[in-house]
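A.B. asks: Supplied in structure tokens, the structure appears directly below.
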Amino acid sequence: MVDVLVTNGPVLIGIAAAFGFLMAWSIGANDVANAMGTSVGSNAITIKQAIIIAMIFEFAGAFLAGGEVTSTIRNGIIDAAYFTDVPEYLVYGMIGSLLAAGIWLVVASALGWPVSTTHSIIGAIIGFAAVGVSVDSVEWGKVVGIVGSWVVTPAISGFIAYTIFQSVQKLIFNTDDPLANAKRYVPFYMALAGFVMSLVTITKGLKHVGLHFSTLEAYLLAGAVALAVGIFGKVAISRLKMSNKADRQTQFGNVEKVFAILMVVTACCMAFAHGSNDVANAIGPLAAVVSVVESGGVIGSKSVLAWWILPLGAVGIVLGLALFGKRVMQTIGKNITHLTPSRGFAAELAAASTVVIASGTGLPISTTQTLVGAVLGVGMARGIAAINIGVVRNIVVSWVVTLPAGAGLSIIFFYIIKDIFS
Amino acid sequence: MPVNSILGVFAKSPLKPLEQHIDKVHECAVLLVPFFDATVAGDWDEAVKIRKQISMLEKEADSLKREIRLTLPGGLFMPVERTDLLELLTQQDKIANKAKDISGRMIGRQLVIPQPVQEAFNAYLKRCLDAVTLAKQAINELDDLLETGFRGREVDLVAKMINELDSIEEDSDDLQIQVRRQLYAVESELNPVDVMFLYKVIEWVGGLADLAERVGSRLELMLARN
């Protein structure tokens, strides 16, 4: 049976790589818009700037911090022991999952449903393993943990967003001189963003690239990055041009200009976080296929990630973004959002931190839902004029639907692919 | 565009339209000053023209009101109660209606404020319109209230405006008593039916200040619930 893997090895890897690349592409084309939408929507950055930021930081996030989640998707959801005799099933299943998730995403975005890539791929993998192989082959304990994290992470990011926004109110808005305080405190928020992002990357991500740091070194390095970001922020703010009318209304306008600079930083974080978590949806299954095929059917759960896989996913995202991102962002830019940078930043910083920490611990979560949770958090702090609860409900419902849909499709594709090769 | 992006989560803010509405209402109410000037001068063509403007602005305010109501469905998560917003809107709209009623009645009966009362009446009218102006300013703070999350200094600022609104309203009550007294002194020389309607008009003008005060207290209630 394992002969299949030997004779068809390159073909299987080729198919998996192609599907994985396409998946990464579609993540870049569609999903990134959600990560960057709040920045574009609150007019903190232009569409062009958003695309450039997204390209750089999505790549960096995927390449530097995407490893943990990739290994969860590769071998954290299913129990490899059940595939020892039939390693080719794992290969078929992973390819089928990529196809299933990809098709479900296309269907859903055509229908306008806000589905999550993460949920589709997890559903697909659970589906083929439970039905195609054995119900016990799914690591249900871990699956419950992952699904649980989909409930918990939006709540956590909502809580963080609430706290951040309250602190902004206390330190900046509710003071005698909001502008001076904005100039004073905003660099600290930037440094905080830089610190969280770099700490997670250094402690969790860089080992996949072959760099190791001690805890102390990691903190020092993250501190240095934070300092650099803070100083950059300070300089950028001091170069801002303000209209110096003294009334309160213009003062708040000026304060928002300061926050717009902060939002450039959080937009970078958002892209980084998104790249670090979502690249795995495309390349996790690919990584599994490659390791099985290259080892000739031996499923080693601790095998290293082939060197070309992370960059492939990263390039896929960037290309998708470059070719279709602009169109998607334009439709977003046309929607007038009633979101000022001071609120957008709180939501983005909270969501990005939550996602990056999840990436560090290897939890595949939905960036969009984490961001929605953060937005609700700011709303709870009475920072947003009106939030459409109906749309929030749709987003929640769509992920409940996505799991069985992804699972069903992947079961079908699993059997088709199995028939083709045997 | 199908809402498959996160931005679908953000609904249209009702605060800005609410500000636009009170601006329109205010614009409508302050036209009463040139209107009464025209009636006193006996220039009825001009008066009719201004009356048309008032009526047009009232209509615009009405359609704004309808639009706000339609874009404010249930299922929105807002920093203030939806019912409070709608109630505030209703009160605002009544000011424009009142202005229209006043000008309509004046034209319909070709009423003129009698000469001995004019000075007091003008002061009274201006004071009542002051209240409307202040209500407009208070509503226009909604933007900044949102910026500050409906708390802290900004709330104190608005609370102060509302207190001032109350005192203007009291002021206008005193002025109303004076106007009535002066009208009473000369009423025997006038057409009794006209006098009846003049009292009515005086009452309505006072109604402007009452309504402005009610806008303020609605706003206060909205802030107090937070």
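The values are calculated or read from the model by the stated rules, or taken from the named source; none is laboratory data. Values in this document were obtained by computation on a predicted structure and should not be read as measured data. Methodologically, a virtual Cβ is constructed for each residue, glycine included, from the backbone with ideal geometry; neighbour enumeration extends over all protein chains shown.
A.B. asks: Quick test for you: out of B:Val179, B:Val186, B:Val195, B:Val155, pick the one residue that is among the β-branched types (Val, Ile, Thr), touching a residue at least 40 places away in the same chain (Cβ under 8 Å) and touching a Leu at 6+ places or on another chain (Cβ under 8 Å).
C.D. replies: On inspection, the qualifying residue turns out to be B:Val155.
A.B. asks: Those residues that are surrounded by fewer than 22 Cβ atoms within 10 Å (Cβ to Cβ) and touching a residue at least 24 places away in the same chain (Cβ under 8 Å), I need them from the range B:101-114; list them, please.
C.D. replies: If the condition is that a residue be surrounded by fewer than 22 Cβ atoms within 10 Å (Cβ to Cβ) and touching a residue at least 24 places away in the same chain (Cβ under 8 Å), then B:Asp101, B:Gly104, B:Arg105, B:Ile107, B:Arg109, B:Gln110, B:Leu111, B:Val112, B:Ile113, B:Pro114 are the ones that fit.
A.B. asks: Kindly establish whether A:Tyr82 is aromatic (Phe, Trp, Tyr) and surrounded by 23 or more Cβ atoms within 10 Å (Cβ to Cβ).
C.D. replies: No, not satisfied.
A.B. asks: Listed residues B:Pro79, B:Pro73; which is without any contact (Cβ under 8 Å) to a residue 24 or more places away in the chain and either exposed (fewer than 14 other Cβ atoms within 10 Å of the Cβ) or not in a helix (DSSP H, G or I) (or both)?
C.D. replies: B:Pro73
A.B. asks: If you don't mind, another one. Is it the case that A:Val186 is within 14 Å of chain B (Cβ to nearest Cβ), under 26 Å from A:Tyr219 (Cβ atoms) and either at pLDDT 90 or above or part of a helix (DSSP H, G or I) (or both)?
C.D. replies: no
A.B. asks: So how many residues does the range A:123-149 have that are over 19 Å from A:Trp399 (Cβ atoms), assigned to a helix (DSSP H, G or I), out of contact with any helix residue (DSSP H, G or I) (no Cβ under 6 Å at 6 or more places or on another chain) and touching a residue at least 40 places away in the same chain (Cβ under 8 Å)?
C.D. replies: Final tally of qualifying residues: 1.
A.B. asks: Can you list the helices (runs of 4 or more DSSP H) found entirely within the range A:334-422 that contain at least 3 residues being closer than 17 Å to A:Val115 by Cα and more than 13 Å from chain B (Cβ to nearest Cβ)?
C.D. replies: Ranges flagged: A:389-421.
A.B. asks: Inspect all residues belonging to the range A:88-106 and state whether any of them is within 14 Å of another protein chain (Cβ to nearest Cβ), without any contact (Cβ under 8 Å) to a residue 24 or more places away in the chain and hydrophobic (A, V, I, L, M, F, W, C).
C.D. replies: No, because not a single residue in the range A:88-106 is within 14 Å of another protein chain (Cβ to nearest Cβ), without any contact (Cβ under 8 Å) to a residue 24 or more places away in the chain and hydrophobic (A, V, I, L, M, F, W, C).
Residues checked against (1) of a type in the set (Ser, Thr, Tyr); (2) farther than 19 Å from B:Pro116 by Cβ; (3) surrounded by fewer than 20 Cβ atoms within 10 Å (Cβ to Cβ):
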| site | (1), (2), (3) |
| --- | --- |
| B:Ile168 | no, yes, no |
| B:Gln176 | no, no, no |
| B:Gln182 | no, no, yes |
| B:Ala185 | no, no, yes |
| B:Leu190 | no, no, yes |
| B:Leu208 | no, yes, no |
| B:Leu211 | no, yes, no |
| B:Val215 | no, yes, no |
| B:Ala224 | no, yes, yes |
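A.B. asks: Could you look through the range B:14-37, keep only residues that are within 14 Å of another protein chain (Cβ to nearest Cβ) and of a type in the set (A, V, I, L, M, F, W, C), and pick out the one that is nearest to B:Ala99 (Cα to Cα)?
C.D. replies: Selected residue: B:Leu18.
A.B. asks: Could you tell me which residue of the range A:107-130 is farthest from the other protein chains (Cβ to nearest Cβ), considering only residues that are surrounded by fewer than 24 Cβ atoms within 10 Å (Cβ to Cβ) and more than 21 Å from A:Val279 (Cβ to Cβ)?
C.D. replies: A:Ala130
A.B. asks: So which residues in the range A:292-313 are at pLDDT below 85 and either crowded, with 24+ Cβ neighbours inside 10 Å or among the aliphatic types (A, V, I, L, M) (or both)?
C.D. replies: Residues satisfying the conditions are A:Val292, A:Val293, A:Val298, A:Ile299, A:Val304, A:Leu305, A:Ala306, A:Ile309, A:Leu310.
A.B. asks: Let me spell it out: the conditions are (1) surrounded by fewer than 24 Cβ atoms within 10 Å (Cβ to Cβ); (2) not in a helix (DSSP H, G or I), and A:Thr72 meets all of them except one. Which number is the exception?
C.D. replies: Only one criterion in (1) surrounded by fewer than 24 Cβ atoms within 10 Å (Cβ to Cβ); (2) not in a helix (DSSP H, G or I) is unmet by A:Thr72, namely (2).
A.B. asks: Given the conditions (1) surrounded by 22 or more Cβ atoms within 10 Å (Cβ to Cβ); (2) within 11 Å of chain A (Cβ to nearest Cβ); (3) within 17 Å of the chain's Cα centre (by Cα), which single one is not true for B:Phe10?
C.D. replies: If we test B:Phe10 against (1) surrounded by 22 or more Cβ atoms within 10 Å (Cβ to Cβ); (2) within 11 Å of chain A (Cβ to nearest Cβ); (3) within 17 Å of the chain's Cα centre (by Cα), just (3) comes out false.
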